[in-house]
Ligand SMILES: Cc1ncc(COP(=O)(O)O)c(C=O)c1O
């Protein structure tokens, strides 16, 4: 994969590279860096870092949970939730394309002895019926279901925003069976904005919720895990076990607080840009883009087009996207994608067609 530095080096005098590979690529603004530099800090493993504490309180309040903890990454926060609420030799039910299943290095098995049970769906939506079917009967001969993991927005299906009621029904099934629910809400902010609902509508289905500050919100580092106080007390220990206890983390937490204040109210702009970029592809021959529900654009290629070659050609026009499966490419909008982006994509794909 070409790095941003290589792509930038290859562009002499042209517009800056338009990096649509992920919403993790955005860089902290000058204002955010100032907030980080000015942060009041302490030792978060000893008496607690004041800025980190402030961020944790703010996120707990936003998500309607008792308590929250700051983590270096979303994967570590997800895996902590699995470690705390799963069970050694037990099983966690997950949607077949879930991030915890595909993209976290087998961590739940490797670190916590929890086996994942992926449930295939056509649209990324793990429904109550599917969960009910996947819960193991009480038997000596099968692993015990220990946990249900849900994801919103759902990355694998192109950033689908799933209505709170869908997961409320999942939670009802889980509670009937005494099972905890963890929500991977790396981009939960987007679901709330897309569906025009408060964040807390999405979180009461789940015992624990992970949200990321380093994606949509543009902070350089950081994710949060929120949940009931006694679960989070245990999560504090597991975070430390996983090597995620940080010291003067207020420098990073300040970026998160700034992002919540400045970026969150503007998130809808990313959705508009994603829709316009999708339309630019869709209008060109050889591309079929799905209508983005949030900030992710999935573009299917006509037969015979290789995603890697298409990404290389886009790169020649200063646009970075990623291959996503055998006949699909993916683009993600974020803080550093400006109003010019759809026009640039349109111009690039028009030139492809001519060539
Ligand atoms: C849905 C989802 N969950 C979890 C993560 C993990 O976050 P991190 O990269 O901070 O570990 C990601 C990262 O892209 C994600 O998209």
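A short reminder: the numbers here are calculations on the coordinates, not readings from a lab. A quick note: this is a predicted structure, and the numbers were derived from the prediction, not measured. Positions of Cβ are backbone-derived with ideal geometry, glycine not excepted, and every protein chain shown enters the neighbour counts.
Below are the figures for this structure:
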| item | result |
| --- | --- |
| Estimated distance in nm for a label pair at residue 138 and residue 110, the labels positioned 7 Å out from Cα along Cα-to-Cβ | 3.6 |
| Quarter of Cα convex hull surface for the range 108-265, i.e. mean projection, nm² | 10.5 |
| Cα-based convex hull volume of the range 116-182 per residue, rounded to whole Å³ | 84 |
| Residue-span extension gain [residue 350 to residue 264] - 0.36 nm each, minus C-alpha spacing | 27.6 nm |
| Expected 222 nm ellipticity per residue - DSSP helices of 4 or more, -39500 (n - 2.57), all of the chain, to 500 | -12000 deg cm²/dmol |
| Alpha-carbon centroid distance for the pair the range 151-182 / the range 224-300, whole angstrom | 18 |
| Cα-based Rg and Dmax for the chain, where Dmax is the largest Cα-Cα distance (Å) | 20.7, 68 |
| Order of 189, 103, 88 - criterion: other Cβ atoms within 10 Å of each residue's Cβ, fewest first | 88, 103, 189 |
| Inter-site label distance for residue 322 and residue 172 at 7 Å from Cα along Cβ, in nm | 3.6 |
| Near-label residues of the range 105-119 by backbone N, under 14 Å of a point 7 Å along Cα→Cβ of residue 24 | 105-106 |
| In degrees, nearest ten, helix 164-176 long axis to first principal axis of the chain (Cα) | 30 |
| Virtual spin-label span in nm between residue 66 and residue 40, 7 Å along Cα→Cβ | 2.7 |
| Packing-based exposure ordering (other Cβ within 10 Å, fewest first) of 182, 99 | 99, 182 |
| DSSP bridge pairs, the chain: antiparallel proportion in percent, nearest 5 | 55 |
| Percent RCO, i.e. relative contact order, over the range 1-140, from Cα pairs under 8 Å lying at least 6 residues apart | 14 |
| Folded to 0 to 90 degrees: helix 50-63 orientation relative to the chain principal axis, Cα | 90 |
| Relative contact order of the range 39-263, pairs being alpha-carbon contacts under 8 Å that are 6 or more residues apart, as % | 30 |
| Cα long-axis angle, helix 341-354 against the chain (0 to 90 degrees, to the nearest 10) | 50 |
| Potential lengthening between residue 288 and residue 123 on full extension [0.36 nm per residue; Cα-Cα distance subtracted] | 57.7 nm |
| Per principal axis, descending, Cα span of the range 272-355 in whole Å | 32, 23, 19 |
| Sequence of 311, 149 once ranked by neighbouring C-beta atoms within 10 Å, starting from the fewest | 311, 149 |
| Gained length - residue 272 relative to residue 31, 0.36 nm times residue gap less alpha-carbon distance | 84.4 nm |
